[in-house]
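Readers should treat all values here as calculations from the given coordinates under stated rules, not as data from a laboratory. The shown structure was predicted, so the numbers you read here are calculated from the model rather than taken from an experiment. Cβ coordinates were reconstructed from backbone atoms using ideal geometry, including for glycine residues, and neighbour counts include every protein chain displayed.
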Amino acid sequence: MTPKSDAGRPYLVGLVGTGVGPSLTPALHMAEGRAQGLDYVYRTIDLNACGIAPHQIGEVLAWARTLGYDALNITHPCKQLVLDHLDDVDETARTLGAVNTVVFDCGRAIGYNTDTTGFAHGFTGGLPGVPMASAVLVGAGGAGSAVGDALLRIGVGHLTVVDLDVDRAATLAHELADRHALSRVDASSLDKLSALLPDRDGVVHATPTGMAEHPGLPFDAALLHPGLWVADIVYRPLDTALLQAARAAGCRTLDGGHMAVYQAVDAFALITGLTPDADRMSAHFRDLVAQTAA
Ligand code: NAD
């Protein structure tokens with residue numbers, strides 16, 4: 001890739017959303033920028049702290065463009081709201097209906113979704129060669145939606161969506177089925193996992209269960225078996241109770257750091273036009289998680 005801007009020109013990037021203060025993404029981008037010899041500044045823009053309502057995201061974009069920002073990462077609760085304020089949206093983000101990266105290119109605001117591409121890249125790199133005929137996605141929220149799309153893009157043949165909220169699971173399954181006509185997508189309930197998991201190749205966990213604030217397992221560990229791969233997207237902590245139980249059951253596992261790192265890797269590439277060093281970003285991310293957990 002070639003750099004998008006003149007050599008030596010500083011990059012200015014922001015992360016817009018609520019509760020973005022503790023995000024590790026700014027440090028991750030800036031360290032990679034420094035390592036690439038760039039003058040790369042990445043700041044959080046917390047809507048609550050600034051007294052800006054989420055529906056004003058269009059104004060935030062306009063200001064950012066005027067003030068010379070090169071790009072914005074967009075997070076909760078603006079990933080859908082931002083769509084109405086873009087000049088163009090790439091195919092992945094448009095189909096998903098959610099944008100997490102906006103690049104200002106020659107005055108145009110272009111939307112991308114690196115949650116989806118990041119999960120896909122992290123998955124294919126971290127669980128190479130695993131069987132993909134069938135999988136279960138536990139968690140049909142914002143992250144689950146991006147992950148479900150990614151799973152179908154990378155070749156899962158039959159995906160079953162499960163959530164505590166059965167209506168939410170059914171809605172997501174319906175949307176995914178509409179967008180991925182060649183795959184089979186359906187919804188089920190948590191109490192059916194005991195019937196589903198014995199026959200499936202893999203399970204992806206996309207609920208907050210297992211985070212430091214929500215400890216525990218999302219489902220009974222007795223359902224884990226050596227024929228199942230297990231991917232968790234929770235990354236604080238990286239080694240969740242689910243992943244520990246999965247390793248003990250003989251499963252191949254993938255932690256949530258892969259998605260977190262690759263969404264940043266893909267965003268950095270879109271913003272700068274340069275190829276980031278994914279291994280370096282991953283090592284830095286794991287240091288940051290360890291430091292913030294200490
Ligand atoms: P969300 O609140 O939008 O959705 C969470 C969903 O999980 C809801 O639909 C809820 O009903 C469901 N749920 C909660 N507990 C459940 C359980 N025990 N069983 C089944 N369903 C359950 O949250 P989100 O934005 O989708 O994020 C979910 C988690 O994903 C976050 O807490 C975070 O840890 C993780 N995440 C990771 C990354 C990454 O880059 N690795 C990115 C985004 C989010």
**Study point:** Positive dipole terminus of the stretch 116-254, leading residue within LEU223, HIS121, THR207 (C-beta point charges)
**Key:** HIS121
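First measure r as the distance between the Cβ atoms of ASP39 and ASP277, then evaluate 1/(1 + (r/R0)^6) with R0 = 25 Å and state the FRET efficiency to the nearest 0.05.
It comes out at approximately 0.90.
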Review point. Let a ≥ b ≥ c be the square roots of the eigenvalues of the Cα gyration tensor of the chain; is it rounded (a/c under 1.5), or, if not, prolate (a/b larger than b/c) or oblate?
Key: prolate
Review point. Once fully extended, how much extra length lies between HIS76 and HIS214, figured as 0.36 nm per residue of separation less the alpha-carbon to alpha-carbon distance?
Key: 47.8 nm
Review point. So, by mean Cβ neighbours within 10 angstrom, what's the order for 54-60, 93-99 with the highest one leading?
Key: 93-99, 54-60
**Study point:** Per-peptide average of other Cβ atoms within 10 Å, ordering 167-176, 258-267, 34-43 highest first
**Key:** 258-267, 167-176, 34-43
Revision key, fill the gap. Residue-normalised 222 nm signal for the chain, counting each DSSP H run of n ≥ 4 as -39,500 (n - 2.57), nearest 500 deg cm²/dmol, is -11500 deg cm²/dmol
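If Lys and Arg each add +1 and Asp and Glu each add -1, what is the summed charge of the other residues whose beta carbon sits under 11 Å from the beta carbon of VAL234?
-3
Using the Cα gyration tensor of the stretch 116-254, with a ≥ b ≥ c the square roots of its eigenvalues, what is the shape: rounded (a/c below 1.5), prolate (a/b larger than b/c) or oblate (neither)?
Numbers: a/c = 1.36, a/b = 1.24, b/c = 1.10.
Since a/c stays below 1.5, the shape of the stretch 116-254 is classed as rounded.
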Exercise for review: Mind checking the full-extension length gain between ALA195 and ILE154? Use 0.36 nm per residue of separation minus the Cα-Cα distance, one decimal, nm.
Suggested key: 12.3 nm
